[in-house]
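One structure is given below, encoded as structure tokens.
The values are calculated or read from the model by the stated rules, or taken from the named source; none is laboratory data. These numbers were taken from a predicted model, which means no experiment stands behind them. Note that we place each Cβ from the backbone using ideal geometry, even for glycine, and neighbour counts take in every protein chain shown. Surface areas here come from the heavy atoms of the whole protein model, side chains and all, with no ligands, DNA or RNA. Shrake-Rupley method; radii C 1.70, N 1.55, O 1.52, S 1.80 Å.
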Amino acid sequence: MAAEPPDTEPDYRFTLANERTFLAWIRTALGLLAAGVAVRQLVPPFAVPGATTVLALACTALAAVVAATSFPRWRRVQRAMRAGTPLPHSRMVVVLAVGVLLMALLAAVLVITG
């Protein structure tokens, strides 16, 4: 039975690209967190009671999900590069896109309704 080849160090450019991607996810989480705080503190109340709080919580919850999944994703990609296997897929792209879309629709409805 043949032994598996040892992991190899990937080209540093790929490692740095993976790190930049991780940092982009962290920046996205920080932006969502800042948006949540800004909505809660700076946006005048909407006609619907508690709507600013719901919108702020949605931003901060999505920020937490993005931040919590960014490091495990970085680690999975790094392991795949070292092992020479295909890069893993991430559902977070869809989660982030749908989350931002839903918050944008909610914000639009709240602005339209007064």
If one compares the long axis through the Cα atoms of helix 92-113 with the longest principal axis of the Cα atoms of the chain, the angle in degrees, nearest 10, works out at 10
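How much area per residue is accessible in the chain when the probe is 1.4 Å and only protein heavy atoms are counted (Å²)?
69
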Net charge of neighbours whose Cβ lies under 14 Å from the Cβ of residue 63, counting Lys and Arg as +1 and Asp and Glu as -1: +2
Once the dipole of the chain is set up from charges on Cβ (+1 Lys and Arg, -1 Asp and Glu), the residue from the list 37, 17, 113 lying farthest towards its positive end is 113
Which residues among the range 94-108 fall inside the zone where the amide N is under 14 Å from a point 7 Å beyond the Cα of residue 76, along Cα→Cβ? 94-96
Which length gain, in nm to one decimal place, applies between residue 98 and residue 68 when the Cα-Cα distance is subtracted from 0.36 nm times their residue separation? 9.1 nm
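How far, in nm, would the chain grow between residue 11 and residue 105 when pulled straight, counting 0.36 nm per residue and subtracting the alpha carbon separation?
Details: separation 94, 0.36 × 94 = 33.84 nm, distance 4.23 nm.
Contour length minus Cα-Cα distance gives 29.6 nm.
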What is the angle, in °, between the Cα long axis of helix 51-83 and the longest principal axis of the Cα atoms in the chain? Nearest 10 is fine, range 0 to 90. 10
Where in the range 79-93 is the amide nitrogen less than 16 Å from a point lying 7 Å along the Cα-to-Cβ axis of residue 27? none
Charges on Cβ only, +1 for Lys and Arg, -1 for Asp and Glu, centred on the Cα centroid of the chain; of 94, 71, 51, which one is farthest towards the dipole's positive end? 51
Can you compute the charge dipole magnitude of the chain about its Cα centre, using +1 on each Lys and Arg Cβ and -1 on each Asp and Glu Cβ, nothing else charged? Give it in debye, rounded to the nearest 20. 120
What relative contact order, as a whole-number percentage, does the chain give when Cα pairs under 8 Å and 6 or more residues apart are counted? 33
